[in-house]
1. Residue check, Tyr220 against (1) of a type in the set (Ser, Thr, Tyr); (2) under 19 Å from the mean Cα position of the chain (by Cα); (3) within 30 Å of Leu149 (Cβ to Cβ), all met but one. Which one?
2. Gln125 fails exactly one of the following numbered conditions: (1) in contact with an Asp or Glu (Cβ under 8 Å, 6 or more places away or on another chain); (2) part of a loop (DSSP other than H, G, I, E, B); (3) touching a residue at least 60 places away in the same chain (Cβ under 8 Å). What is the number of that condition?
3. Which ones in region 189-210 are under 13 Å from Leu228 (Cα atoms) and assigned to a loop (DSSP other than H, G, I, E, B)?
4. Mind checking which residues of region 176-199 are polar (S, T, N, Q) and either at pLDDT 95 or above or under 23 Å from the mean Cα position of the chain (by Cα) (or both)?
5. Filtering region 104-115 down to residues that are under 30 Å from Asn224 (Cβ atoms) and crowded, with 20+ Cβ neighbours inside 10 Å, which residue is modelled with the lowest pLDDT?
6. Farther than 15 Å from Glu150 by Cα, crowded, with 21+ Cβ neighbours inside 10 Å, in contact with a strand residue (DSSP E or B) (Cβ under 7 Å, 6 or more places away or on another chain) and of a type in the set (S, T, N, Q) - does that describe any residue in region 191-203?
7. Say we look at region 117-129 and pick out the residues that are of a type outside the set (Val, Ile, Thr) and touching a Lys or Arg at 6+ places or on another chain (Cβ under 9 Å); which of these is nearest to Gly88 (Cα to Cα)?
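The values are calculated or read from the model by the stated rules, or taken from the named source; none is laboratory data. Quick caveat: nothing in here was measured; it's all calculated off a predicted structure. Positions of Cβ are backbone-derived with ideal geometry, glycine not excepted, and every protein chain shown enters the neighbour counts.
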Amino acid sequence: MKKFLSALLVLTLILAVSACGNDDSEYINPDVLEVQLIPSRDAAVLDAQRGPLEALLEEELDMEVNVTVATDYNALIEGMASEQIHVGLLATTAYVLAHEEGAANVILKSLRYDVDDNGNQLTDQPLVSGYKSQLVVGADSGIESIADLEGKRIAISSFTSTSGFVWPANLLADNGLDPETDVTWVNAGGHDNAILAIYNGDADAAFTFKDARTLLTDDYPNINDEILFIQDTTLIPNDTISVIPNLDPDLVDRITQAFLDIAEDEEGSQIIDDIYSHKGYAVATDEEYDIVRTYLQRQEEWDFE
């Protein structure tokens, strides 16, 4: 974990230098719009879906678009800081880190159906702009509560994942467990992979967005029998579509409308659902993510090994 913190410090310095060098009076209007996805699920799955999204954006914007998948969360933030990436589909915490360093401004937040404790989408209810993290465990783990996690191996998608780590670490602290010493965190590299870590015996439990088990139902029809829901967290602001601060305002408006239109189109809605389970988008403001800043500030007190 120290290597992760050191890397984050280096990234912060890079972003600070980049932010100081920006001239806000000169807007960027690229010939090719560079859009990047975070690897919040298996990168191979995202790679297969980026082409259809790219084609839709090109049609909506009437310009060349290049959609890629970042190697990790920090790589996307660094890409936006250096202005090599113009639009980032940033997870909640990644957005806050990027915005604090002057690398990203939120334009849209994702909308999804809420889900019940059995993983069923509540399609008869309005879309929601927030979601929850869930604790899931192996069916034979004997874990029935947060207290039972002491001494256990917990799989997560990333140490910068809001639902995979930030909210869970705070939840453990609120329940009397020391997130530094009482559990072992296993960085699985994706919410689906975190669940598979339990399935394959590499972890006792996992924290993912609720309900990430649906990512695996096609390949693992018995996943809900093998991986059990225990409890969820308080509400988390949904992930974002964000742009670099110096992007031409007219282009930003077009990008905003393009994603809104894609979500309203039958083909487009299926594509964004396949990528991140997005069901739609709504205009967002930075203030909606202040609760994330509060949790991150608390987390600064911890030094993970």
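1. (2)
2. Failed condition: (3).
3. Asp204, Lys210
4. As a first pass, look at region 176-199 and keep what is polar (S, T, N, Q): 181, 184, 187, 193.
Across region 176-199, the qualifying residues are Thr184, Asn187, Asn193.
5. Taking region 104-115 first, the residues under 30 Å from Asn224 (Cβ atoms) are 109-115.
Within this subset, residues satisfying the condition of being crowded, with 20+ Cβ neighbours inside 10 Å are 109-110, 112, 115.
Details: Lys109: 97, Ser110: 96, Arg112: 91, Val115: 87.
Filtering first and then ranking leaves Val115.
6. No; the residues of region 191-203 include none that is farther than 15 Å from Glu150 by Cα, crowded, with 21+ Cβ neighbours inside 10 Å, in contact with a strand residue (DSSP E or B) (Cβ under 7 Å, 6 or more places away or on another chain) and of a type in the set (S, T, N, Q).
7. Ser129
Quick grid of which residues meet (1) surrounded by fewer than 22 Cβ atoms within 10 Å (Cβ to Cβ); (2) assigned by TED's automatic domain parsing to the domain that holds Asn187; (3) hydroxyl-bearing (Ser, Thr, Tyr); (4) under 11 Å from the mean Cα position of the chain (by Cα):
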site	(1), (2), (3), (4)
Ala98	no, no, no, no
Gly102	yes, no, no, no
Thr123	yes, no, yes, no
Lys152	yes, yes, no, no
Ser158	no, yes, yes, yes
Ser163	no, yes, yes, yes
